[in-house]
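Everything below concerns the one structure shown next.
Every read-out reported here was derived from the displayed coordinates using simple, explicitly stated rules and does not represent laboratory data. Keep in mind it's a predicted model, so treat the numbers as computed, not measured. All Cβ positions, glycine included, derive from the backbone under ideal geometry; neighbour counts span all protein chains shown.
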Amino acid sequence: MIRVGLPGADLTADGWSLPPEQAHYLLRVRRAAAGESVRVFDGAGREVDARLAPPPADGDPWRLIRSGPVEAGRRAAPITLVYGLPKGDKLDRVARQITELGAARLILLDCARSVVRLTGPRAARRRERLTRVMTEAARQCARADAPALIGPLSLGDALDATADHTRWVLHPDGGAPLAEAEARPPLALFVGPEGGFAPDEIEALRAAGVAPVTLDCPILRTETAAPVAVALALQRLGML
């Protein structure tokens, strides 16, 4: 069945007007016709069956009419990725992959070695794009929610936001093998940008009790390390 996300929608309502982006996806990309069944999810873990209805009048939007009860859908695992801002389109790829894996939160982190700085209108636009990327990925992998997006935060604020988590920092030197590190949910993974965390950031993480962990493989690029670490953490928690 075709799936479509309506983040924040009240799924107990009788129906919903289709925003332009979702209408384009259903009508142009999927070529859905009036009366076709659609599975709607609200981005918060609930979903419901609906049918596609044409506009009641010229100029009005297409609608989805609820046709079944609200149900619990597939939801996130208790994993948070705290990710140092990378260059280029790497952030989009990482956001998509950790959504597919089932991560609950993505915390963007301002790091000393981050080339990209997101502030003001640019940060708002980037957050909007990332939210769209993760909602689309949730639709494709049959999640009923999408990761919460937080930040960019300073390292201190990110530590505060994960204070109740088991915390690992991916680091190539001096850490325990990830396969042997203590793994209790909820779990937060800190992954640095290109070039990794600066020495003073590693010291701050250690001082906060964040355990350094290593992978038994060659050093990975940041956009590879993040989803690999999330997948291995899920495996350690028995959720993959």
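Rounded to the nearest 20, the Cβ-based charge dipole of region 122-240 about its Cα centre (Lys and Arg +1, Asp and Glu -1) stands at 660 debye.
Remark: relative contact order (region 2-72) = 37 percent; criterion is Cα-Cα distance under 8 angstrom and separation of 6 or more residues.
Segment Glu203..Glu21, full-extension length gain: 61.0 nm, with 0.36 nm per residue of separation and the alpha-carbon distance subtracted. Taking Cα centre as origin and charging only the Cβ of basic (Lys, Arg, +1) and acidic (Asp, Glu, -1) residues, the dipole magnitude of region 1-88 rounds to 440 debye. In the chain, taking the dipole from charged Cβ atoms about the Cα centre, the farthest positive-side position among Ala158, Val115, Pro19 is held by Pro19.
For the chain, the spread of Cα positions along the three principal axes, ordered from largest to smallest, is 65, 38, 30 Å. Each Lys and Arg adds +1 at its Cβ and each Asp and Glu adds -1 at its Cβ; summed about the Cα centre, the chain shows a dipole of about 640 debye.
Modelled this way, with points 7 Å down the Cα-to-C-beta line, the labels at Ile2 and Met239 are 3.2 nm from one another.
For the chain, give the share of DSSP beta bridges that are antiparallel, in percent and rounded to the nearest 5; count only bridges with both residues there.
Values: 15 of 44 bridges.
Counting only bridges with both partners in the chain, antiparallel ones make up about 35 percent.
For a footprinting-style exposure proxy, rank Arg46, Arg221, Arg75 by other Cβ within 10 Å, fewest first. Before the final figure, lay out each step's value.
Numbers: Arg46 19, Arg221 10, Arg75 13.
Neighbour counts put them in this order, fewest first: Arg221, Arg75, Arg46.
Any idea which of Gln140, Gly73, Gly209 is furthest toward the positive side of the dipole for the chain, if Lys and Arg beta-carbons carry +1 and Asp and Glu beta-carbons -1? Of the listed residues, the answer is Gln140. Computed from the C-beta positions of Ala112 and Asp60, the FRET efficiency with R₀ = 51 Å rounds to 0.45.
Residues in region 15-25 carry Karplus couplings, in order, of x, 8, 6, 7, x, x, 5, 5, 5, 4, 4 Hz; the curve used is 6.51 cos²θ - 1.76 cosθ + 1.60 with θ = phi - 60°, and Gly or Pro positions show x. The string of couplings for region 175-190 from the Karplus curve (6.51, -1.76, 1.60, θ = phi - 60°) is x, 6, x, 4, 5, 10, 6, 4, 10, 10, x, x, 10, 10, 10, 9 Hz, one whole number per residue in order, with x for Gly and Pro.
Extension gain Glu182-Gln140, at 0.36 nm per residue separation less the Cα-Cα distance, in nm? List each step's numbers first, then the result.
On the way: separation 42, 0.36 × 42 = 15.12 nm, distance 3.21 nm.
Here the answer is 11.9 nm.
How high is the relative contact order of region 15-123? Use alpha-carbon pairs under 8 Å, at least six apart in sequence, and give a whole percent. Please report the intermediate quantities before stating the final value.
Values: 146 pairs, mean separation 22.5, N = 109.
Relative contact order here is 21 percent.
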